[in-house]
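Structure first, then comments.
All of the numbers you see were taken from the coordinates with simple rules; none came from a lab. Note that this is a predicted model, so its numbers are computed, not measured. In this analysis, Cβ positions are derived from the backbone assuming ideal geometry, glycine residues included, and neighbour counts consider all displayed protein chains.
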Amino acid sequence: MEKFGNLIIGSLCLLLAGSCQNSNNMSFSNGLENSPVVGTFVQVGDDQVLACDQKLLTDSIRLPLSFLTEEAEIIHLDNRDEALVPVRNVIVSDNYILVWGKDQTPFKLFDKAGKFLANVGSFGQGPGEYQLIYDAQIDETGGRIYLLPWNARSLLAYDLKGQAVQSIPLPGLVPKGVFKANTKDSLLSVFLLPFDYLPYVAWTQKFNGEIQDTIRSRHLAIKPDFSNEVYSNKNGADFDVSLFVFWERRPDSLYHYANGRLNPRFTMDFAKKEIPIHDYKELPRHFLGSTSVEKQLDENNFTTEVPADFIMDKESLKGAFYKVENDYLGNLPIPWFPYNCSNGYYTANMEPATLKETLEKYLESAKDIPATDRERMQKLADSIHENDNNYILYAKLK
């Protein structure tokens with residue numbers, strides 16, 4: 001799932017940042033209780049939409065990772081040659097860890113202890129093979145792993161031993177898409193990047209290809225440009241979906257797609273000012289987002305400035321700009337490890353040499369690490385060899 005186009009690679013990842021990198025006006029908080037109310041419900045047709053007022057986001061707080069998650073686990077993946085993985089994407093489910101990148105390495109399936117179980121399919125252009133994958137899902141109940149390639153015309157399906165089973169035909173091209181598959185009911189919902197030459201932005205179908213409902217692109221249609229993205233975090237029962245548009249910025253929403261409707265759930269009120277680059281994400285108890293501005297690198301290439309990340313509580317409607325500290329590891333600052341909050345878990349994929357160096361430098365420089373944390377971190381650092389396979393940090397979202 002290479003989620004970032006060439007214009008913005010890596011720049012919109014939410015990053016862990018420890019206390020040594022926080023500005024002096026950033027206060028520490030165990031929650032949002034002292035933050036202002038920044039959200040209000042707005043009636044849009046038949047829907048109550050939660051809108052965050054950008055101008056009310058004035059506070060900056062440091063949140064411990066434990067505010068968002070249960071106890072974190074750090075797993076060393078199997079060191080066998082066939083188990084080696086890139087520093088890229090991770091999905092964690094009840095019993096499995098699925099890791100993949102953008103190179104020619106196939107998807108790797110592990111158990112929750114890090115034991116290598118199987119390659120899922122293989123890299124190539126033949127039946128059951130793939131190259132670039134945009135979205136993936138583990139359906140443990142149905143005993144399936146699903147992969148959606150870029151420019152897909154079918155959803156690839158595998159069993160939990162990594163063997164290809166019957167692919168699911170799609171009614172049209174999916175340049176970039178996210179999906180939710182229900183093996184038990186043989187149902188598939190797809191939300192895609194709605195290029196203006198494509199008729200639909202979403203549909204639900206049976207696995208045999210029979211269409212149940214469709215949603216036309218209409219006002220969501222965009223010009224063909226792969227710097228745009230489509231998101232789904234799948235942190236609950238609902239199929240949450242949103243578009244990220246780099247150039248054609250406009251007011252938009254995070255939706256729940258169900259029963260033939262896109263139900264708007266969250267949006268930003270930019271107070272008629274110039275709309276910045278932004279995205280939205282949904283956690284079980286919060287909405288997250290980031291805003292940024294583009295930065296031109298040369299005549300043909302653009303990136304973005306470091307984003308300002310914000311959080312809003314779904315119940316209290318309080319919110320703030322924030323950074324997250326990894327309080328499970330002595331508030332260790334690891335800003336270069338991109339993390340993901342999806343499928344009910346916080347996850348980070350860490351390269352061993354970088355992790356070891358980070359731990360050792362932090363243990364040497366930080367003076368206020370609790371003794372129990374220091375001992376645990378030193379033990380972890382001593383156990384890491386630079387030729388190890390990667391380490392996966394995961395924590396279940398609250």
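Results, tabulated for the structure shown:
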| read-out | value |
| --- | --- |
| Other-chain or far-sequence residues with amide H under 5 Å of K281's (modelled H) | L288, G289 |
| D_trans [Stokes-Einstein, Kirkwood Rh over alpha-carbon pairs] for region 168-230, 20 °C, 1.002 mPa s, µm² s⁻¹ | 179 µm²/s |
| Share, in percent, of DSSP beta bridges within the chain that are antiparallel, nearest 5 | 85 percent |
| Over region 194-305: Rg over Rh, Cα atoms, Kirkwood Rh | 1.00 |
| Residue with peak Gaussian network fluctuation, the chain [Cα springs, cutoff 10 Å], from K272, K281, K55 | K272 |
| GNM top mover of N326, N301, N259 - the chain, alpha-carbon springs below 10 Å | N301 |
| Listed residues L359, G319, S66: farthest to the positive end of the dipole of the chain (Cβ charges) | G319 |
| Quarter of Cα convex hull surface for region 86-184, i.e. mean projection, nm² | 6.0 nm² |
| Kirkwood Rh in Å, taken over all unlike Cα pairs in region 240-398 | 18.7 Å |
| Inter-label distance, nm, simple model (7 Å from Cα along the C-beta direction), E140/Q104 | 3.4 nm |
| Candidates T347, T105, T141: whichever shows maximal mean-square fluctuation once the chain is modelled as a Gaussian network with Cα springs under 10 Å | T141 |
| Using a Förster distance of 35 Å, the FRET efficiency for R261-R374 (Cβ separation, nearest 0.05) | 0.10 |
| FRET E, pair D46, E71, Förster distance 51 Å, beta-carbon r, rounded to 0.05 | 0.80 |
| Karplus (6.51, -1.76, 1.60) ³J(HN,Hα), θ = phi - 60°, over region 140-156, in Hz, Gly and Pro reported as x | 4, 4, x, x, 9, 10, 10, 10, 10, x, 5, 6, 7, 10, 7, 8, 7 |
| Projected area averaged over orientations for region 130-247, convex hull of C-alpha atoms, nm² | 7.2 nm² |
| Helical contribution to [θ] at 222 nm, DSSP H n ≥ 4, -39,500 (n - 2.57), averaged over the chain, rounded to 500 | -2000 deg cm²/dmol |
| Cα-projected label distance for K367 with L187, points at 7 Å along beta-carbon direction, nm | 6.0 nm |
| Cα centroid separation, region 32-58 to region 156-214 (Å) | 33 Å |
| Whole-number Å³ per residue for the convex hull built on Cα positions in region 205-269 | 124 Å³ |
| Span per principal axis, largest first, for the Cα atoms of the chain (Å) | 61, 53, 45 |
| Label-point gap, in nm, between V87 and K396 - each point 7 angstrom along Cα→Cβ | 3.0 nm |
| Calculated from backbone phi, Karplus (6.51, -1.76, 1.60) coupling profile of region 231-247 in Hz, x at Gly/Pro | 10, 8, 8, 6, 9, x, 5, 7, 8, 7, 9, 7, 9, 10, 10, 7, 9 |
| Length added when fully stretched, K112-L297, from 0.36 nm per residue minus Cα-Cα | 62.5 nm |
| Whole-number D in µm² s⁻¹ for region 18-171, Kirkwood Cα-pair radius fed into Stokes-Einstein, 4 °C, 1.567 mPa s | 68 µm²/s |
| Karplus-derived HN-Hα couplings along region 309-318 (A = 6.51, B = -1.76, C = 1.60, θ = phi - 60°), whole Hz, x at Gly and Pro | 8, 10, 9, 9, 6, 5, 8, 7, 6, 7 |
| Volume in Å³ per residue [convex hull over Cα atoms, computed for region 27-74] | 128 Å³ |
| Convex hull of region 74-129 built on C-alpha atoms - directionally averaged projected area, nm² | 4.0 nm² |
